[in-house]
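Data first, discussion second: the structure below is written as structure tokens.
The values are calculated or read from the model by the stated rules, or taken from the named source; none is laboratory data. All figures in this text were calculated on a predicted structure; none of them were measured in a lab. Cβ sites come from the backbone with ideal geometry, for glycine too, and all protein chains shown count toward neighbours. Protein only, heavy atoms only, side chains kept; ligands, DNA and RNA dropped before computing areas. Shrake-Rupley method; radii C 1.70, N 1.55, O 1.52, S 1.80 Å.
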Amino acid sequence: MKRSFRTTVLALATSGLVVVGSSACSSGEVIDTVSSVGSSQAGADSGAAVVTEPRNGELEYLAPGKFIIDGEAFFVTEETRYLGGHHVCPAENGLDENAFGIVECDLESFEAVAQGETRIFVQAMVDENGNAESITEYDNDSHHEPEGPEAPEESGGFTGTLAGGLDYVAPGEYIVEDTAFFVSEDTVIHAGIHACADGVQDPDTGLVTCDFDEFDATVASGNPVLAEVEIVDGIATSITEY
């Protein structure tokens, strides 16, 4: 489902993708971009086995052909397999004994439900290039993992410094270097170039302290905002435009 604004949130982890701006790209352009990247990499890695890792959690729509699970963005390709059976492509006896979907489905159905108000949970098998090999819906209330090694505890989210163009996701939520993050009431925002361009510089630092609403509106408008972001557990402590 779509994200809504939150000032205290679950922290987000990083993803290793090429960002495609959600406002500028059609579904065809996203698929073309993914296909182009995949084709060039396939030529370089011909004969090599594709390594995937599971990502489990709530599926959130980001742009045509692009989703997020727990802050990690990924793409779909023409080869991605979709399995539903619960909220997506619902069917009687559409789930297996572990509550995973077993009904063949399609991208359009997953995108439609993910953009609505119904929360859907999936397991996406994602390769090292950020492309989903498969997306399988599961019933979060009945789902249980098959017996096996105990899963490691989830990390608290990305911590570090990132810099680059900001992509707008929702109020108070952006992406930089393919990593989604949130702002909070304690986030310090310094701008003065595109955002808060008429602001008054601090005589000592030369920085312009920017109001969140004005900064958010600038990023949402599509103006190119480059910033250095200090992030702790997926939440920005400071954003400095440059």
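Below, the figures for the structure above:
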| quantity | calculated |
| --- | --- |
| Residue that is farthest from T52 (Cα to Cα) [pool: residues in region 132-145 that are open to solvent by 80 Å² or more (accessible area, probe 1.4 Å) and at pLDDT below 90] | D141 |
| Residue in region 33-41 that is open to solvent by 30 Å² or more (accessible area, probe 1.4 Å) and modelled with pLDDT of 55 or more present | no |
| Failed item, numbered, when E117 is tested on (1) modelled with pLDDT of 95 or more; (2) loosely packed, with under 12 Cβ neighbours inside 10 Å; (3) not β-branched (V, I, T) | (1) |
| Long-range neighbours under 7 Å by Cβ, at least six apart or interchain, first residue farther than 13 Å from I135 by Cα within region 105-116, second assigned to a loop (DSSP other than H, G, I, E, B) and open to solvent by 20 Å² or more (accessible area, probe 1.4 Å) | V113/H87; Q115/K2; G116/M1 |
| Yes/no for R55 being open to solvent by 40 Å² or more (accessible area, probe 1.4 Å) and modelled with pLDDT of 90 or more | no |
| Checklist (1) more than 19 Å from E60 (Cα to Cα); (2) open to solvent by 50 Å² or more (accessible area, probe 1.4 Å); (3) touching a strand residue (DSSP E or B) at 6+ places or on another chain (Cβ under 7 Å) applied to H86, failing item | (1) |
| Every residue from region 96-131 that is under 22 Å from T52 (Cβ atoms) and of a type in the set (A, V, I, L, M) | A99, I102, V103, L107, A114, I120, V122, A124, M125, V126 |
